[in-house]
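The values are calculated or read from the model by the stated rules, or taken from the named source; none is laboratory data. Keep in mind it's a predicted model, so treat the numbers as computed, not measured. Note that each Cβ is placed from the backbone with ideal geometry, even for glycine, and that neighbours are counted across all protein chains shown.
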């Protein structure tokens, strides 16, 4: 299992890579066409027998969430809001809840089914957006983890990022996980007025080297083996690669699905 080398070949069953394992320090840096320094090597880990192939597919997203959290952790006793409870949000919430000693971890998502998943895994209360607005006072949270997809709202007062920043305490931490393919809005007045600390874990390997990600991927695997991240319950659907029409439908509907994680299984192909 590996993390890095994003110029992959889609549904390739196999690929060659130049691995970096935990404890090694290697690099082969190049300037990528997406405005950052990347590495021709990839952080890698050997999957142990204790982790089956389907659960092993969660090593990569757990590595992504863990890179962000380890570099931008909440403080002991923080009140934490997880925004977006797809797989990344649930992984992040699980890690923070079980390892980092917060006072409270709650979540928000517009999908009621995913809210139920969040409460099963980590969330002390999974809010719908309108519930968060109505029930949670401003200046409540110390730490926000933003795992939202592309946000489009008609009423800017209900923009979830604006809502979260209003409920973040002055000098609170706002950790941005993902990047949308579309430009997104952030309330610069709230950032300035509250002195909000916006942070993220860079892909640029001159500041977050690939050999650091190799250490993280090793830790991510251990979190799945130990059950800190519950791979069995994260897995929603296993779909055979042989069923092409079914695969097309999965990709058509991936933004609206209530599933947490769909895995394409090559083994029966």
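Before moving on, here are some points about what is shown:
- In region 122-141, the residues that are at positive phi reach residues that are surrounded by 15 or more Cβ atoms within 10 Å (Cβ to Cβ) and at pLDDT 95 or above with C-beta atoms within less than 9 angstrom, at least six apart or across chains, in these pairs: 139/166; 139/167; 139/168; 139/169; 139/172; 139/194.
- Residues of region 143-159 classified as out of contact with any helix residue (DSSP H, G or I) (no Cβ under 6 Å at 6 or more places or on another chain) and outside any loop (DSSP other than H, G, I, E, B), total: 5
- Apart from one condition, residue 260 fits all of (1) at pLDDT 95 or above; (2) within 20 Å of the chain's Cα centre (by Cα); (3) crowded, with 19+ Cβ neighbours inside 10 Å; the exception is (1).
- Selection from region 79-93 of residues that are surrounded by 21 or more Cβ atoms within 10 Å (Cβ to Cβ) and closer than 21 Å to residue 140 by Cβ: 80, 81, 82, 83, 84, 85, 89, 92, 93
- Members of region 193-245 that are without any contact (Cβ under 8 Å) to a residue 60 or more places away in the chain, over 23 Å from residue 94 (Cβ atoms) and in contact with a strand residue (DSSP E or B) (Cβ under 6 Å, 6 or more places away or on another chain): 194, 195, 196, 197, 198, 239, 240
- Considering (1) at pLDDT 95 or above; (2) in the same structural domain as residue 95 (by TED's automatic domain parsing); (3) within 20 Å of the chain's Cα centre (by Cα), the lone condition that residue 180 does not fulfil carries the number (1).
- The residues of region 58-76 that are touching a residue at least 60 places away in the same chain (Cβ under 8 Å), surrounded by fewer than 21 Cβ atoms within 10 Å (Cβ to Cβ) and assigned to a loop (DSSP other than H, G, I, E, B), listed by number, are 72, 75.
- Those residues of region 212-245 which are farther than 16 Å from residue 87 by Cα and surrounded by fewer than 14 Cβ atoms within 10 Å (Cβ to Cβ), in sequence order: 226, 242, 244, 245
- Candidate set: region 119-142, residues that are in contact with a helix residue (DSSP H, G or I) (Cβ under 8 Å, 6 or more places away or on another chain) and closer than 23 Å to residue 228 by Cβ; chosen: the one surrounded by the fewest Cβ atoms within 10 Å (Cβ to Cβ): 120
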